[in-house]
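Below is one structure, written out as structure tokens; comments come after it.
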Amino acid sequence: MALITILRTQFFHKQTMNLTKTLALRLLLIVAVAAFFTSCNKSRDYKDSSRATGWKLNSKDGGFQYNPDAKEQETGPGLVFVEGGTFTMGKVQDDPMHDWNNSPNQQHVQSFYMDETEVTNLMYLQYLDWLKQVFPPENDDYRNIYTGALPDTLVWRNRLGYNEVMTNNYLRHPAYAQYPVVGVSWIQAVEFSKWRTDRVNELILEEEGVTARGSRFEAKAGQTFSTDTYLNAPTMAYGGQDSITRGGKKSESMLKRSKDSTNLYIQGKDGLLLPAYRLPTEAEWEYAALGLGDLRSYNVYRGRKKYPWDGQYTRSGKRKSRGDQLANFKQGDGDYGGIAGWSDDGADITAEIKSYQPNDFGLYDMAGNVAEWVADVYRPIVDDEFNDFNYYRGNVYSKNAIGEDGKVKIVTSDSIVYDTLSNGKIVARNLPGEILQVPVDENETYLRTQFSESDNRDFRDGDRSSSRYFQSFGEDTEELDESKRMYNSPQHKVDADSSGTMDRQYDKNNKRSTLINNEVRVYKGGSWRDRDYWLDPAQRRYFPQDMATDYIGFRCAMSRVGSKSKTNKSPRN
């Protein structure tokens, strides 16, 4: 028995050893195969090689250079992220005024960024200071650049009121530094946005070590930084001063890995520069003001909002702040702030930014304080039948002007284009260092289905084909009579003679039937001068784009590139 036991033990030990060896071989084989496929996959990783050609990306020998570490868009200074989505644009509550210009319609907006607060006096003063340093107003060639950007401080005057303290102090006194800027026309707000874009991207290039350090403080007329110029013609940026454009430490490493001029400069594909600051569209502004996130239940909203905050009242219902007004607006005739000692809203004119709680997106004063310019040209209808995605009326398409040498044309001190507005004010359409823009022509519009001309402000509501006098059959090429236009608005004219004297020709035609034309823009939100009726984000009014008031300000927005959301979302069962 002992012998049998020994033989059986040896047999099982041998079988165990064989099984162990087999398992080890199989495991080794699996590891080898996994390593093989891993190495294969790694060699085909899009970060290292092209899925199109198999060529290695970012090779020291040359070829296509790509930034594999580029992350999602950075949030620009002053902005907060607004995740886009679907919402009901327009008046969803009772409309006792029967405006009929904000009928409910469903729209979808892409994600974007918006200023946390309105643009302040301090922010605008920085803009004016830069213009004054770069384009000295004492120089006759540049005088209209600075004066054209100045806010109209006389908007505070009232024939039966004493407001000279605001006329003389509101813009520049430090007591009002953090108050929203007013007296700014729509055109001036657009120009500020362009300037802000260039200054932000100029700083990014400097901090990344691409351009020379401190160069932004030494800008001169014709040698300023323009984002579009840098991206389209980098050798012409900063007036062609290569010592500035390539004066940073990072430029040295860029030169070492580039055999030609292709990768000597930061390009759009590097994902470093931010998109343009701009005015928000009406749909974006209304969506951001509503802040509907707290009413969301899966893919529907549980209710409708009357104000940027939840509830139907303008006073807080929270225990700690019960009874406090939630915005700065006019409570009634002769009541702009309440009784002294216990103010209803803490302000009689505008209020300092962040004086009230933000909405669900983190945006302050989306109701009250000042109304705000948006990008859209005003029309009584929102044509959701034609478009319900990123709705916007006001597209005027342009392209870079190309010279006979095949290069883009850069605006110089001698080629600045000035516009004389209907109120006689002169503003610069472009600045030295920028690329000259011209309208798109048949080269871009031929056989296209999306657009057929450069100026689309009148499209489907104001153009010839939308007039009741238009005949779709036969030839209809004759000029449309001014009296038969859909929007027969006054046509004021201002001309200047050779000495600069203004000839203002006021339209005295008593047959004009409307104030609507392509030069009136939408403004949104109630202001310190408005009753609570106008605090509803759906309300919309219009004002001439070249005029200003003491109750309209603005804030900037920026488009979002890339993903819709900043957070990873998993499907819900």
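Between the listed residues 342, 364, 327, the Cα displaced farthest toward the positive end of the dipole of region 324-364, a dipole computed from Cβ unit charges relative to the Cα centre, is found at 364.
Relative contact order (percent) for region 78-126, with alpha-carbon contacts under 8 angstrom and 6 or more residues of separation?
Working: 56 pairs, mean separation 24.4, N = 49.
Relative contact order of region 78-126: 50 percent.
Comparing 396, 428, 439 along the charge dipole axis of region 380-439, the residue lying farthest to the positive side is 428, per the Cβ-charge model. Placing dummy labels 7 Å off each Cα toward the beta-carbon, the span from residue 264 to residue 110 is 3.3 nm. The orientation-averaged shadow of the Cα convex hull for region 62-105, equal to a quarter of the hull surface, comes to 7.1 nm².
Roughly how many percent of the accessible protein surface of the chain is carbon and sulfur, given a 1.4 Å probe and a whole-percent answer?
Working: 16970 of 33360 Å².
Carbon and sulfur: 51 percent of the exposed surface of the chain.
Compute the acute angle (0 to 90°) between the alpha-carbon long axis of helix 121-134 and the principal axis of greatest extent of the alpha-carbon atoms of the chain; round to the nearest 10°. Rounded to the nearest ten degrees, it is 90. The ellipsoid equivalent to the alpha-carbon distribution of region 303-359 has semi-axes of 20, 13, 12 angstrom, derived from the gyration tensor eigenvalues as √(5λ) and listed largest first. Using mean projected area of the Cα convex hull in nm² as the read-out, say which of (i) 26.8; (ii) 54.2; (iii) 44.6 was calculated from these coordinates. Entry (iii). Only DSSP H runs of four or more residues enter the estimate; each adds -39500 (n - 2.57), and after division by the residues of the chain the mean residue ellipticity at 222 nm equals -6500 deg cm²/dmol. Exceedance of the 28 Å cut-off in Cα-Cα distance is limited, within the set 194/409; 91/330; 60/269; 320/524; 194/508, to 320/524; 194/508. Please list, by residue number, everything in region 412-429 whose backbone N is under 14 Å from a paramagnetic label point 7 Å out along Cα→Cβ of residue 505. Within reach of a label on residue 505: 422. Measuring only protein heavy atoms, the 1.4 Å probe finds residue 108 accessible over about 50 Å².
Taking the three principal axes of the alpha carbon atoms in region 39-178, the coordinate ranges are 82, 55, 29 Å, sorted in descending order.
Under unit Cβ charges (Lys, Arg +1; Asp, Glu -1), what dipole magnitude, rounded to 20 debye, does region 281-375 have relative to its Cα centre? Display every interim value, and only then the final one.
Working: 12 positive and 15 negative charges, 134 e Å.
The dipole magnitude comes to about 640 debye.
Taking the convex hull of the alpha carbon positions in region 377-454 and averaging its projected area over all directions gives 8.1 nm². Note that the chain presents 58 Å² accessible area per residue, ligands and nucleic acids not counted, probe 1.4 Å. Ordered by solvent-accessible area of protein heavy atoms (1.4 Å probe), largest first, the residues 28, 292 come out as 28, 292.
Extension gain, residue 396 to residue 213: 0.36 nm times the residue separation minus the Cα-Cα distance gives 62.2 nm. Taking trypsin sites (Lys or Arg not before Pro) across region 66-157, the ones in a DSSP loop with at most 12 further Cβ atoms lying within 10 angstrom of their Cβ are 71.
For a paramagnetic label modelled on residue 253 (point 7 Å from Cα along Cα→Cβ), amide N atoms under 17 Å away belong, within region 70-102, to 70-71.
The residues neighbouring residue 316, those whose beta-carbon lies less than 12 Å from its own, together hold a net charge of +1 under the Lys/Arg +1, Asp/Glu -1 convention.
The values are calculated or read from the model by the stated rules, or taken from the named source; none is laboratory data. Source: prediction; values computed, not measured. Reconstructed Cβ throughout: ideal geometry from the backbone, glycine too, with neighbour counts over all protein chains shown. For accessibility, only protein heavy atoms count, side chains too; no ligands or nucleic acids. Shrake-Rupley method; radii C 1.70, N 1.55, O 1.52, S 1.80 Å.
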